[in-house]
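The values are calculated or read from the model by the stated rules, or taken from the named source; none is laboratory data. Just so we're clear, the structure is a prediction, and the values are computed from it rather than from any experiment. So basically every Cβ, Gly included, is an ideal-geometry build from the backbone, and we count neighbours across all protein chains shown. Please note that ligands, DNA and RNA were not included when accessible areas were found on the heavy atoms of the full protein model with its side chains. Shrake-Rupley method; radii C 1.70, N 1.55, O 1.52, S 1.80 Å.
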Amino acid sequence: MSEVPIRCTGIAVVLLKKEGNQQKVLLVKRAEAVLKDAWCYIGGGIEEGEKAWEAAYREVEEETGITNLSLYSANTFDRIYSIEGNYIYIAPVFVGFVRDDQKVVLNEEHSDYRWLSFKDAMGIVSLPGNEEVLAFIEKHFVKKEAHDYLQVKR
């Protein structure tokens, strides 16, 4: 019997900032060949010797220039089946709260960004399953207070 392997080699981060009385979600538009023009949240690979939460901080800085954030484990996962590789890719999702005056400086991986309401973000994310991740984060990190035990303390 053949099995489909599971690989966990990356992370995802949903960044949030408060605008008025509403939390907005940062979505970025992919510029590179893989997922070109797809709207998504931050994501990337875990480097050798790196913990997943360390990769989350690094990827946020590399992709947006943001270094000042409160990071939490969302306790949910991105999941994708790779047709070419015949494996299931799973990535822990993190939530990052940033200041309301936070500026975004994109790297070459992205061509555009938007701070959107959860409703609007769920309407334009490109990969099936991303809207469920956003709904989960809205329910557990926006409509409720984030639990201290999920906060990454570095």
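Annotations for the structure displayed:
- Among all residues of region 27-35, there is at least one that is closer than 17 Å to Tyr81 by Cα and touching a residue at least 24 places away in the same chain (Cβ under 8 Å).
- Residue count for region 74-95 under the criterion of being over 23 Å from Ile124 (Cβ atoms), assigned to a strand (DSSP E or B), open to solvent by 40 Å² or more (accessible area, probe 1.4 Å) and not hydrophobic (A, V, I, L, M, F, W, C): the result is 2.
- Scanning region 1-51 for residues that are of a type in the set (S, T, N, Q) and under 18 Å from Leu69 (Cα atoms) returns Gln22, Gln23.
- Inside region 32-71, residues that are closer than 24 Å to Pro128 by Cα and touching a helix residue (DSSP H, G or I) at 6+ places or on another chain (Cβ under 8 Å) make up a count of 8.
- Selection count, region 19-60, where residues are out of contact with any Lys or Arg (no Cβ under 9 Å at 6 or more places or on another chain), within 19 Å of Asp100 (Cβ to Cβ) and open to solvent by 30 Å² or more (accessible area, probe 1.4 Å): 4
- Residues being open to solvent by 60 Å² or more (accessible area, probe 1.4 Å) and touching a Gly at 6+ places or on another chain (Cβ under 8 Å) - total across region 101-123: 2
- Lone qualifier among Leu35, Leu27 - being part of a loop (DSSP other than H, G, I, E, B) and closer than 22 Å to Phe136 by Cβ: Leu35
- Neighbours by Cβ (under 9 Å, 6+ apart or cross-chain): first from region 127-154, touching a residue at least 24 places away in the same chain (Cβ under 8 Å) and on the phi > 0 side of the Ramachandran plot; second open to solvent by 50 Å² or more (accessible area, probe 1.4 Å) and of a type outside the set (A, V, I, L, M): Gly129/Arg79
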